[in-house]
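The values are calculated or read from the model by the stated rules, or taken from the named source; none is laboratory data. Computed from a predicted structure; not experimentally measured. Neighbour counts are summed over all protein chains in view; Cβ atoms, including those assigned to glycine, are modelled from backbone coordinates with ideal geometry.
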Amino acid sequence: MNLDGFALPVKKLKGTDPVEMLDLSGKNLGVASAVVIASLISVNGTLTSVKLRLNKLGEEGWGAIFAAICGNKDSKIMSIDAYFENIGPAGVELIAAALRTSVTGALTRVDVRLNNIVGDGAVQLSAAVLGNLKIEMFNEIPIKEMRADSLTELDLKEKHFGVEGGMVVAGLIPVMGALTVANLLGNQLDAESAKMLAEVAKQKGVSLCGIQRDQTTADLSGLALQPPDAILLASDLSQAVVTGGLTSLDLSNNLLCGVTTFGGGTYTAEGITAIAEALRVNDGLTKISLANNELGEEGTKAICEALEQNKMLKELDISNIGGTAGVKHVAKMLGVNGGLTSINLSDNQLCGVWTDYAGQHGAYTAEGITAIADALRVNGGLTALDVSNNCLEDEGVSAVCEAIQSNKETKLASLNFRNNDIGPVGANAVAAMVAVTGALTSLNLSSNNLCSVTETGYIKASQVQGSSFNEGDKVVYQGKEMIVSKSIDRDGDIKMTHLPLMSGLNALANALRVNGALTMCDLRDNYVGEEGKALICNAAEGKAGFKLHL
């Protein structure tokens, strides 16, 4: 019989030509072939395995296959593999009904992972699986061992068992008295199935993220964790019995709010809000990184409001979390939290602008960084502040430095202003702060423009006055003295920079002379020229152990 370009082995399927195994995968079989196959295997008592993946059986076809196997009391087929077969709600309903009324005793393994099984379909299917006591393995979940309470640990990380699998696990954890640690991360759960798991885990004191009870650090970075995973983690963090020993947690480079740094995905704050709620009661963590997660304003607000109450956390990395809208909440938290000693706010567009390969984008506003500065006027706990890569410009960096300078209780020892478009005006503000801040030991001003040096485009050397046109040579162009930055090329063209404005660098040199605490200063990539380098080196001369990067 040939319905879809492949001749079905009718006698083998029916059992009149008995075989134990048939491989019909990848034969381009359609719904009609599936219905015929189902009718034949419904009376077959010899087949133990029939492979049907990578066809086009459709929801009706897969429903018929499940019904045929489950309805045949003499069937010896032990497993059904319908992994990634584009089965949706209609097919799920048929499969759930077949499993719920199954009379076969042979079927012990079912795999329906990576199909469209959500909502009521997931509820029906998980209930059918839990009610079928013959099933030993479902979506790679070891049901037999779980029912027997023979596991102390359960590692199902990235098994992709889906919403229906999450509900099955949630239904089995209550009968597992020995279980203390499970890892269920990376399984395409939804919020509801994650909440079900969290609820039963809290009742049993079980970790859902693979965290051992004596573990002190957890690196969960770069795992593409989604909001449902965040809900699982929040369950762990809220239980002292589970994570009471945990002091350091790295959640950087994930998708905790469902969106990428490029804007892909759908935003939800449900997961990060659950983590924030857990941080309100967690009194063990001293260090956490949420870097490179697009938290948005809602997520940032939730975390910051939680940290207004949490006095145990010492180090917080919230770099590159999309912080333009959320910066006011960070500022509010810094104004009242005396426990934090280190915060990383780099790459957060704190002033509303950012630079990429295509140039600068956005509109500058100092509102956010001014709010941060106001918090720094009263914060006496921070020892390290990183606001690098934020396009603060002179106005923003001046606000921060003036705030630190005015705070007699400041303990800031490390300050990172790298790559913030700081010019001479900002350099003067930094110098004034350095001169009077005795706690400061490390200052990073690299990749700015402290001397306001700008480079021309290519210009014909014939239009420039000078005896030579090698890099570093001084020349005159349109009546202004300049420095060759790109030597003459084969077309006779050169590039030049304006002479550096030294007022800011002079102020920094003077500040270095009077500051006895500073042990490191990074001024690389600032186009200070040989004169500027000599000036700074002279100011640092004689300072034992001082590290100067030029």
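In the stretch 198-211, the condition of being out of contact with any His (no Cβ under 8 Å at 6 or more places or on another chain), without any contact (Cβ under 8 Å) to a residue 40 or more places away in the chain, over 25 Å from I303 (Cβ atoms) and of a type in the set (D, E) is met by no residue. Just one of (1) touching a Pro at 6+ places or on another chain (Cβ under 9 Å); (2) within 16 Å of L415 (Cα to Cα) trips up T441, so point out which. Evaluating T441 over (1) touching a Pro at 6+ places or on another chain (Cβ under 9 Å); (2) within 16 Å of L415 (Cα to Cα) leaves (1) as the failure. Note on the stretch 523-550: residues that are within 16 Å of A507 (Cβ to Cβ), of a type in the set (G, A, S) and in contact (Cβ under 8 Å) with a residue 60 or more places away in the chain total 1. If I filter the stretch 350-368 for residues that are closer than 20 Å to S406 by Cα and among the hydrophobic types (A, V, I, L, M, F, W, C), do I get at least one hit? The answer is yes; a qualifying residue exists. Comparison of G88, G121 shows that the only residue that is more than 16 Å from L172 (Cβ to Cβ), of a type outside the set (A, V, I, L, M, F, W, C) and surrounded by 18 or more Cβ atoms within 10 Å (Cβ to Cβ) is G121.
Scanning the stretch 236-287 for residues that are in contact (Cβ under 8 Å) with a residue 12 or more places away in the chain and in a strand (DSSP E or B), we see that the one that is farthest from V181 (Cα to Cα) is V259. Comparison of L307, L225, L220, L295 shows that the only residue that is of a type outside the set (G, A, S) and touching an Asp or Glu at 6+ places or on another chain (Cβ under 8 Å) is L220. Using the structure shown, decide if D23 is closer than 25 Å to A127 by Cα and either modelled with pLDDT of 95 or more or not assigned by TED's automatic domain parsing to the domain that holds L133 (or both). Here the answer is no, as D23 does not meet what is asked. Considering only residues in the stretch 30-86 that are in contact with a helix residue (DSSP H, G or I) (Cβ under 6 Å, 6 or more places away or on another chain) and hydroxyl-bearing (S, T, Y), the one that is nearest to N139 (Cα to Cα) turns out to be S75. How many residues does the stretch 124-135 contain that are surrounded by fewer than 18 Cβ atoms within 10 Å (Cβ to Cβ) and either of a type in the set (K, R) or in contact with a strand residue (DSSP E or B) (Cβ under 8 Å, 6 or more places away or on another chain) (or both)? So the count comes out to 1. From the list G63, G26, the one residue that fits, being out of contact with any strand residue (DSSP E or B) (no Cβ under 8 Å at 6 or more places or on another chain) and buried (at least 17 other Cβ atoms within 10 Å of the Cβ), is G63.
Scanning the stretch 94-113 for residues that are over 19 Å from K144 (Cα atoms) and either touching a residue at least 60 places away in the same chain (Cβ under 8 Å) or surrounded by fewer than 17 Cβ atoms within 10 Å (Cβ to Cβ) (or both) yields a count of 1. Residues satisfying the criterion are present in the stretch 365-383 (criterion: in contact with a strand residue (DSSP E or B) (Cβ under 8 Å, 6 or more places away or on another chain) and closer than 25 Å to G284 by Cα). Could you tell me whether A291 is under 18 Å from D229 (Cα atoms), in a loop (DSSP other than H, G, I, E, B) and of a type in the set (G, A, S)? When the stated conditions are applied, A291 passes them.
In a residue-by-residue description of the stretch 453-475, the property of being hydrophobic (A, V, I, L, M, F, W, C) and at pLDDT below 95 applies to at least one position. Where strands (runs of 3 or more DSSP E) fall entirely within the stretch 441-489, those with at least 2 residues that are of a type outside the set (D, E, K, R) and either farther than 25 Å from D421 by Cα or not assigned by TED's automatic domain parsing to the domain that holds V514 (or both) are at 474-477, 480-486.
Scanning the stretch 146-153 for residues that are in contact (Cβ under 8 Å) with a residue 12 or more places away in the chain, crowded, with 23+ Cβ neighbours inside 10 Å, closer than 30 Å to S221 by Cβ and of a type outside the set (G, A, S) turns up nothing. Checking the structure you have, find out if any residue of the stretch 34-55 is farther than 17 Å from D111 by Cα, surrounded by fewer than 16 Cβ atoms within 10 Å (Cβ to Cβ) and under 41 Å from the mean Cα position of the chain (by Cα). No, the stretch 34-55 contains no residue that is farther than 17 Å from D111 by Cα, surrounded by fewer than 16 Cβ atoms within 10 Å (Cβ to Cβ) and under 41 Å from the mean Cα position of the chain (by Cα).
For every residue, the table says whether it meets (1) out of contact with any helix residue (DSSP H, G or I) (no Cβ under 8 Å at 6 or more places or on another chain); (2) not assigned by TED's automatic domain parsing to the domain that holds L99.
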site: A127; (1), (2): no, no
site: E145; (1), (2): yes, yes
site: T152; (1), (2): yes, yes
site: V163; (1), (2): no, yes
site: T180; (1), (2): yes, yes
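For the residues S289, S235, S193, the requirement of being under 21 Å from M167 (Cβ atoms), of a type in the set (S, T, Y) and out of contact with any Cys (no Cβ under 9 Å at 6 or more places or on another chain) singles out S193. Going through (1) under 24 Å from K204 (Cβ atoms); (2) over 32 Å from the mean Cα position of the chain (by Cα); (3) in a loop (DSSP other than H, G, I, E, B) one by one, E145 falls short only on (3). Of the residues making up the stretch 180-232, those that are assigned to a helix (DSSP H, G or I) and either of a type in the set (V, I, T) or at pLDDT below 95 (or both) are V200, I231.
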